Amino acid sequence: MRDRNGLQKEVYADLKTAFGLSAQPAVWAVKKVVDAYATLRANLHAGNLGPSTSRRYRKALSTPIVFRPEAAQPFDDRCLSWQHDARTVSIWTVDGRMKGIRYTGHPDQLKALVQYRRGESDLIQRGGKWFLIATCEIPDAEMFEPVDWIGVDRGIANLATTSDGTNYQGRGLSRYRRWQARERAELQKKKTRSARR
């Protein structure tokens, strides 16, 4: 079964009964499984796991997908709500809703969280600590055209090229480079250790 709706019809009621899930977490669990198998199928099709005769390919095909206990868990606004004034979150768990969980962050990040948070948040555990990763849609900064400046690109063929298209080669530098090339050639002819150095 390849689509989420088909798998959801098959396992939704059993998931809710067996694990005590409410509606939204049961739907997220099905989505996570379908997405994982879609990724595996895409990797197999793209050849990222080698040809179909390779050991790696066969192992990936025959091994069921499992999820790490510390893997990110997505929560939407029905399962996780933010109380920005109190700087707490309320989150759904299999043991019931946990309320008043405090969170912190850099002042600029907290300001962006209040203004621009959209969509789902991911709960992850790293090194014994819990983190909430929120999606923020921050608008692009306003573009401006600077005045009274010039860009310079330093190169090998040209000493410098400016953003207005002018090339600077430098006759003195060209003479110095030719002198260096002659000196280098003479030293290399001697084939001594100090000359090679």
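For segment 140-148, the count of residues that are surrounded by 10 or more Cβ atoms within 10 Å (Cβ to Cβ) and not polar (S, T, N, Q) is zero.
Quick check: is even one residue across segment 153-163 open to solvent by 50 Å² or more (accessible area, probe 1.4 Å), outside any strand (DSSP E or B) and in contact (Cβ under 8 Å) with a residue 24 or more places away in the chain? No: zero hits. Just to be sure before I move on: is Ile91 closer than 20 Å to Leu132 by Cα, of a type in the set (Val, Ile, Thr) and without any contact (Cβ under 8 Å) to a residue 40 or more places away in the chain in the structure I sent? Answer is yes for this residue.
Inclusion of Ala46 among residues that are open to solvent by 50 Å² or more (accessible area, probe 1.4 Å), more than 23 Å from the chain's Cα centre (by Cα), modelled with pLDDT of 90 or more and not β-branched (Val, Ile, Thr) is not warranted. Among residues of segment 1-26 that are surrounded by 14 or more Cβ atoms within 10 Å (Cβ to Cβ), those with a Cβ under 6 angstrom from a residue that is charged (D, E, K, R) and in a helix (DSSP H, G or I), sequence gap 6+ or separate chain, pair up as Arg4/Lys31; Ala26/Lys16.
Cβ-Cβ contacts under 7 Å between residues 6 or more apart (or on different chains), taken from a first residue in segment 119-141 that is outside any strand (DSSP E or B) to a second residue that is modelled with pLDDT of 90 or more and small (Gly, Ala, Ser), are listed as Ile138/Ala112. Going residue by residue through segment 167-186, is there one that turns out to be modelled with pLDDT of 85 or more and in contact with a strand residue (DSSP E or B) (Cβ under 6 Å, 6 or more places away or on another chain)? No, segment 167-186 contains no residue that is modelled with pLDDT of 85 or more and in contact with a strand residue (DSSP E or B) (Cβ under 6 Å, 6 or more places away or on another chain).
Selection over segment 71-99 of residues that are open to solvent by less than 50 Å² (accessible area, probe 1.4 Å) and closer than 18 Å to Leu113 by Cβ gives a count of 12.
Touching a helix residue (DSSP H, G or I) at 6+ places or on another chain (Cβ under 6 Å), at pLDDT below 85 and either open to solvent by less than 100 Å² (accessible area, probe 1.4 Å) or not in a helix (DSSP H, G or I) (or both), is that true of Ala195? Yes.
Of Arg56, Arg68, all but one fail to be outside any loop (DSSP other than H, G, I, E, B), open to solvent by 40 Å² or more (accessible area, probe 1.4 Å) and out of contact with any helix residue (DSSP H, G or I) (no Cβ under 9 Å at 6 or more places or on another chain); the exception is Arg56.
The values are calculated or read from the model by the stated rules, or taken from the named source; none is laboratory data. Just so it is clear, the structure is predicted and the values come from calculations on it, not from any experiment. Cβ coordinates were reconstructed from backbone atoms using ideal geometry, including for glycine residues, and neighbour counts include every protein chain displayed. Accessible surface is based on the protein model in full, side chains and every heavy atom, while ligands, DNA and RNA are left aside. Shrake-Rupley method; radii C 1.70, N 1.55, O 1.52, S 1.80 Å.
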